[in-house]
Each structure stands twice: as structure tokens, then as C-alpha cells.
Amino acid sequence: GESVGLHLPTLSVQEGDNSIINCAYSNSASDYFIWYKQESGKGPQFIIDIRSNMDKRQGQRVTVLLNKTVKHLSLQIAATQPGDSAVYFCAESTYGGGTASKLTFGTGTRLQVTL
Amino acid sequence: EPEVTQTPSHQVTQMGQEVILRCVPISNHLYFYWYRQILGQKVEFLVSFYNNEISEKSEIFDDQFSVERPDGSNFTLKIRSTKLEDSAMYFCASSLVETQYFGPGTRLLVL
């Protein structure tokens, strides 16, 4: 059978507001981080990534911030839209270069956008 | 835009039966992965594959599991004798370098 699911933290925001989703990672040796969006019944969808030699990276409506001192990652979504409603996962990796590096996923945060 | 595809989308099987989950990675990608997600839980790494051999595997990936790249396009995950606890979503992913792109998943239900 299937296990009982974890209780996901939920962030509720109004449409048009900015969203900030936080993630604490565990491995101080991790040097590559990635945010995924997962809608119900679908696979993780790439949003944005960042290497450990950076502390900020911007995409379209999204920004990732990395604080290696406290092992913290955040995803900022500007002008949140109803289509942004999903579960957001951070993932970390120790990318060695030239090898297939596993991703270790966080627990996830559910983003609910209200009209 | 190229994407990872997986078949079947749903698979129901009896405990003890063998299942093969299929994936077509993005065509120019070099690294291939399988992950699973038990309902409501986080995504867990199973195995990575590069240059026709396993690069890394997790504790979950025991002798009941195997992977294969039988031709230039497919990447398969075989579970030899399924157990109830194998019920999960199984995701294939591929990457050219470090950014992994995921397929839509196969929901496996073991009865």
C-alpha cells in the first residue's frame, strides 16, 4: 500500500503578491541547488537553479537566493498567479563534474494562490 | 521543447510480478536517473546511469531492481518481484550536465 503522506507546510498568498518559499538544506558539501514545481499528478518541473559560487540568480518572475553560511535557500516568485499553485521542492546535489549526481529533495512547500 | 516521456502512465500489478517501466530521455542527454515518490512524500533517488553503467544507487535500489538502456533512446527500470511497498510514482530524469529534467511519471500500484 501507500504510506501516509507528510504534512506539507503551506503558504497562502493573494494573486499579485510576491511569494517567498524557504528551504534549509542539509549537506554543507552541496554545490548545486535547484527548485522544482510539482503540480498534482505530474513530474517535477524545473524552475531555476544556482551553483554554490553564486548567492543570487534571477529568472523570469523568479529569484533564487542562496545563503551558504546558514545552509538556506529561498525562491521568490514575483506577482504570483493562480497557475503558480503547486508544491515546490528544493533539491541539492554535490556535482562533481562529469558524473551523474543524485538530487536530494527537501520536503516541499505547498503554495496556494487565492484570488 | 524536448521532454522526457514515460510509459505506461499507470501500472497495476500483483505482488511478486515483474514490471518494466519505460522512459525516453531527452535525446542529447548523457545522464539518466530514476527516482520514486511515495504518495504525499518527497522525491527519493533510486539510481543514476552514465556511459552504459550505474553511477550511483541508493539503499532502496536493491537486487530486485535493475536498469537498462537497451538501445539509443530507451531507459528502463525493472522490478523483478514487486512488493506492496513498491507502490509509488516512479520518475525518470535526464540531464546533459547537472540540470535534471523529469518525466511525467508512472504510477505503480502493487496489489
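The values are calculated or read from the model by the stated rules, or taken from the named source; none is laboratory data. For clarity, every value in this text was computed on a predicted model and none was experimentally measured. When we count neighbours, we look across all protein chains shown, and the Cβ atoms used for this are built from the backbone with ideal geometry, even at glycine. SASA here: full protein model, heavy atoms, side chains in, ligands and nucleic acids out. Shrake-Rupley method; radii C 1.70, N 1.55, O 1.52, S 1.80 Å.
A compact table of results
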item	result
Extreme residue, nearest to the chain's Cα centre (by Cα), among residues of the range B:93-104 that are more than 7 Å from every other protein chain (Cβ to nearest Cβ) and open to solvent by less than 30 Å² (accessible area, probe 1.4 Å)	B:Ala93
Residues located in the range A:1-22, provided they are at pLDDT 95 or above and open to solvent by less than 30 Å² (accessible area, probe 1.4 Å)	A:Val13, A:Ser19, A:Ile21
Matching residues, the range B:74-92, being within 8 Å of chain A (Cβ to nearest Cβ), touching a residue at least 60 places away in the same chain (Cβ under 8 Å) and open to solvent by less than 20 Å² (accessible area, probe 1.4 Å)	B:Phe91
Which numbered condition A:Phe46 fails, given (1) open to solvent by less than 20 Å² (accessible area, probe 1.4 Å); (2) out of contact with any Gly (no Cβ under 8 Å at 6 or more places or on another chain); (3) assigned to a strand (DSSP E or B); (4) within 14 Å of chain B (Cβ to nearest Cβ)	(1)
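Quick grid of which residues meet (1) of a type in the set (Lys, Arg); (2) surrounded by 13 or more Cβ atoms within 10 Å (Cβ to Cβ); (3) in contact (Cβ under 8 Å) with a residue 24 or more places away in the chain; (4) within 12 Å of chain A (Cβ to nearest Cβ):
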position	(1), (2), (3), (4)
B:Gln11	no, yes, yes, no
B:Gly16	no, no, yes, no
B:Val19	no, yes, yes, no
B:Cys23	no, yes, yes, yes
B:Phe32	no, yes, yes, yes
B:Arg36	yes, yes, yes, yes
B:Phe45	no, yes, no, yes
B:Tyr50	no, yes, no, yes
